[in-house]
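A short write-up of the structure that comes next.
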Amino acid sequence: MELKTTKLTKQFGDFTAVDHMDLTMTNGVYGLLGVNGAGKTTLMRMLCTLLPPTSGSITCDGKDIFRMGADYRRLLGYLPQDFGFYPEFTVRDYLLYIASLKGLRPAVAKKRARDLIFQVGLSKVADKKMKKLSGGMKRRAGIAQAMLNDPKILILDEPTAGLDPNERIRFRNLISELSEERLVLLSTHIVSDVEYIANEIWLMKDGRLLRRGTAQGLIDSMAENVWKCFTDRSDVSALIKQHPVSNIRTEPHGVELRILSAEKPLPGAVMTEANLEDVFLYYFGEKAGEEHAEI
């Protein structure tokens, strides 16, 4: 299975949301990482044929996905940021309803719904109304509906948005489990969502692919070093103006800062190992994504 974009571009008036994007994906987990407004959702909507590109192409095993039509959509599972459901439906009824929309035969739909309810950990609430579920349970129901047709391509847009840490961990483990023998594209602005499960991570900024690689490869691409510094509270404001600061921790007798800098920022600073959050700060800064947050 190969999904490929060639010079893929999407414009909304004078604004370019996706700008000449060239991507090639095969089986595995791809993490699309960027701030709100980077163009991630627009890219995913085009990959799901929900938006036509302004120019460029998307092919699946060499065939244009828009010309493939239903043949392509049979290969596809999609979880948008906000997926719709009838609040009075139970989890089971919701999945059976979606299965009917996807054209699954009733006997197949019942078996798939039963199996997926178990797989995503919703067995105890299978007959509970959707409106009664927690945010995490709704997201699990969302991934179940995306998997009903056993897709070869699974596209997940901000799947852990609004979840608490325990639900986020559970969801990441589920995605990792579901990724066997299929192509999974996961978009997020939460670094931990992709740090451990993505085979390859793409950094997207202003509609363009800024950098790609493994987590360690992206860390190695940074030109800055990471330092831990202990200083007085009165010095913090000046240091923040001088350097990117990825973490601030208040201690009883001062403040510990995590600073990105090519040179030693303070006499007592100690170099420490970088992580993917440092990469995010290095490439995107602290104020990126404040405009066009829905793109």
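The values are calculated or read from the model by the stated rules, or taken from the named source; none is laboratory data. Remember, predicted model here, so these are calculated numbers, not experimental data. When we count neighbours, we look across all protein chains shown, and the Cβ atoms used for this are built from the backbone with ideal geometry, even at glycine. Quick note on the areas: whole protein, heavy atoms, side chains included, nothing else; ligands and nucleic acids left out. Shrake-Rupley method; radii C 1.70, N 1.55, O 1.52, S 1.80 Å.
At a glance:
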| read-out | value |
| --- | --- |
| Directionally averaged shadow of the range 123-201, computed from the convex hull of its alpha-carbon atoms, nm² | 5.5 nm² |
| Intensity falloff of the range 70-155 expressed as log10 I(q)/I(0), Debye formula with alpha-carbon point scatterers, at q = 0.19, 0.22 Å⁻¹ | -0.78, -1.05 |
| Whichever aspartates and glutamates have a C-alpha closer than 18 Å to that of residue 63, once near sequence neighbours (fewer than 8 apart) are set aside | 2, 22, 71 |
| For the range 1-142, the fraction of alpha-carbon pairs in successive 10 Å shells from zero, as % | 10, 33, 30, 23, 4 |
| Within-14-Å neighbourhood charge of residue 196 [Cβ basis; K, R +1; D, E -1] | -2 |
| Restricting the range 142-217 to GluC sites (Glu not before Pro) in coil, as DSSP defines it, with at most 13 other Cβ within 10 Å | 180, 181 |
| With every protein chain in place, the chain: carbon and sulfur % of accessible area (1.4 Å) | 48 percent |
| For Rg and Dmax of the Cα atoms in Å, calculated from these coordinates, the label among (1) 25.5, 79; (2) 18.3, 56; (3) 21.5, 70 | (3) |
| Span from the the range 166-237 Cα centroid across to the the range 88-116 one, whole angstrom | 34 Å |
| Accessible area of the chain divided out per residue, in Å², using a probe of 1.4 angstrom | 50 Å² |
| Mean ellipticity per residue at 222 nm, deg cm²/dmol - from DSSP H runs of n ≥ 4 across the chain, formula -39500 (n - 2.57) | -8500 deg cm²/dmol |
| P(r) weight above 24 Å for the range 143-254, C-alpha pairs, percent | 45 percent |
